[in-house]
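Undergrad: Here's a structure for you.
The values are calculated or read from the model by the stated rules, or taken from the named source; none is laboratory data. Source: prediction; values computed, not measured. Quick reminder, even Gly has a Cβ in these numbers, built from the backbone with ideal geometry, and neighbours come from all protein chains shown.
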Amino acid sequence: MKIKPGYLLRTVAGQHVVVPVGEQAVNFNGIITLNGSGMLLWERLVLGATKTQLVDELQRHYQVANAEAEADVEAFIQKVISHHLMADHE
């Protein structure tokens, strides 16, 4: 899984914000802010992480149970897909 090109993660005034650039700036309305775990997942998705890798990352960084990490990853992925930001879900 991978985030579409044309979206950057920036930290502005302590907030993690997804910023559309180039053509995506014309097509995207709104703003997406991420918490710390969302930022971690976003950074891994930019690199093309698998769902299993995302779950492992959450468990490693936040010491959460596997079921909780899986649920959080699934919710995050669904949110990214619903905003049409996933490259392989066009």
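Undergrad: Given GLN59, GLN15, which one is at pLDDT 95 or above, more than 13 Å from the chain's Cα centre (by Cα), among the polar types (S, T, N, Q) and surrounded by 11 or more Cβ atoms within 10 Å (Cβ to Cβ)?
TA: Criteria check complete, one pass: GLN59.
Undergrad: Quick one: VAL64 ticks every box in (1) touching a helix residue (DSSP H, G or I) at 6+ places or on another chain (Cβ under 7 Å); (2) under 14 Å from HIS83 (Cα atoms) except a single one, so which number is it?
TA: (2)
Undergrad: Here is a follow-up. Take the stretch 62-80 and flag every residue that is surrounded by 16 or more Cβ atoms within 10 Å (Cβ to Cβ) and assigned to a helix (DSSP H, G or I).
TA: Passing the criteria: ALA69, GLU70, ASP72, VAL73, PHE76, ILE77, VAL80.
Undergrad: Tell me, which residue of the stretch 62-84 that is small (Gly, Ala, Ser) and within 15 Å of LEU40 (Cα to Cα) is farthest from the chain's Cα centre (by Cα)?
TA: ALA69
Undergrad: Further, regarding this structure: For the stretch 36-53, does any single residue satisfy the condition of being surrounded by fewer than 15 Cβ atoms within 10 Å (Cβ to Cβ) and in contact with a strand residue (DSSP E or B) (Cβ under 6 Å, 6 or more places away or on another chain)?
TA: There is no residue in the stretch 36-53 that is surrounded by fewer than 15 Cβ atoms within 10 Å (Cβ to Cβ) and in contact with a strand residue (DSSP E or B) (Cβ under 6 Å, 6 or more places away or on another chain).
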